[in-house]
Amino acid sequence: MWVALISAVALAACGGDSSVSQPTASPRAFVSAAEAMDASAVSYETQVQSFEGTMSIGFGAAGEEFSTSGDMKYEAPGKVYLSMDIPTMGEMEVLLDAPDMYFGMDGKWYKGDTSALGIDLTEFQKYAEDRGPVDYANALKGLKDLVKLSDEEIDGETYWHYHGALDLDALSEELPADVIDPSLVADAADALSSTSMDIYIDPETLLPRRYNMTITMDFGTEPFTMNMTMDFEKYNEDVDMPDAPTDVEEFDPSDFGDGY
């Protein structure tokens, strides 16, 4: 069950060389951090046709910690690829190419048709076109109490640094129907004790270079902490997107047991 709850949080929430069309000529002035974040979301939605980057996730619970990292890729109009090396489970890959979803575990691929899984195809198509679980613009919709902090350097370049708290209920509203059980999102929201998000954006293009999310949850007497960082390293360049696998098995969630 705890894996499902983590998935609910990551999906709901779920940046350096960049090449984008029509960048602003000079850094813009904003009257508030919220206005800057709104402008950044618009830039992301209107300028980005593809990107490549990396993501890392760390977990801590009951005195134990582990972490994992991997790649993320997006290609318009709606192809998303994620890969992660999961401790004790091996390499996991996910390819969203509506109407199909592909899951790879240690080189073995499974395919799930969205309609067969009870997912509304129209909603899923929009979800994929909005960059699915790596949609930065939707992640910003779940922010509150935004403030601008001191500028930060990443790889020798200066970026604006913003900080805010996450509203999981607002984020869950961006999930397509039936992608995940709403009760899991509700359980995750009830368990939250603190949330935060740090965003680093290019002052000229307003596109994200990096964002970092930290969530602390209480499951009974055991606090649980998750840190997730996404680095956007290339925009609007050719993406080495994998082809849909041909040697696949039909995906049946029951094959993976109740823990998943």
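The values are calculated or read from the model by the stated rules, or taken from the named source; none is laboratory data. None of these values were measured; they are calculated from a predicted model. Every residue, glycine as well, gets a Cβ built from its backbone with ideal geometry; the counts of neighbours run over all protein chains shown. Protein only, heavy atoms only, side chains kept; ligands, DNA and RNA dropped before computing areas. Shrake-Rupley method; radii C 1.70, N 1.55, O 1.52, S 1.80 Å.
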Fill in: Distance-filtered residues of segment 217-240 - backbone nitrogen under 18 Å, label point 7 angstrom along T54 Cα→Cβ
227-235, 240
Practice prompt. Convert each backbone phi in segment 60-69 into a coupling constant with the Karplus relation 6.51 cos²θ - 1.76 cosθ + 1.60 (shift: θ = phi - 60°), then list the ³J(HN,Hα) values in order as whole Hz, x for Gly and Pro.
Written response: x, 7, 6, x, 10, 9, 8, 9, 8, 9
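Leaving ligands and nucleic acids out of the surface, order V80, V248 by accessible area at 1.4 Å, largest first. Before the final figure, lay out each step's value.
On the way: V80 0, V248 45 Å².
Largest to smallest exposure gives the sequence V248, V80.
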Discussion item. From the phi angles alone, apply the Karplus equation (6.51, -1.76, 1.60; θ = phi - 60°) to segment 81-97 and give each ³J(HN,Hα) in whole Hz, x where the residue is Gly or Pro.
Written reply: 10, 10, 9, 9, 9, 8, x, 6, 10, x, 7, 10, 10, 10, 10, 9, 8
Fill in: Per-selection metrics, segment 26-116 (Cα): Rg and Dmax in Å
17.8, 51
Item to complete: Provide the per-residue ³J(HN,Hα) series for segment 223-230, in order, calculated from phi with Karplus coefficients 6.51, -1.76, 1.60 and θ = phi - 60°, each as a whole number of Hz, with x at glycine and proline positions.
Response: x, 10, 10, 10, 10, 10, 10, 10
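What is the sum of charges around S69, taking Lys and Arg as +1, Asp and Glu as -1, for the other residues whose C-beta is under 12 Å from the C-beta of S69? Please report the intermediate quantities before stating the final value.
Working: positive: none; negative: D71, D85, E91, D231.
With Lys, Arg at +1 and Asp, Glu at -1, the neighbours total -4.
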Worksheet item: Among the listed pairs K79/K148; K79/K108; K79/K234; K79/K141, which are separated by more than 28 Å between their Cα atoms?
Response: K79/K148
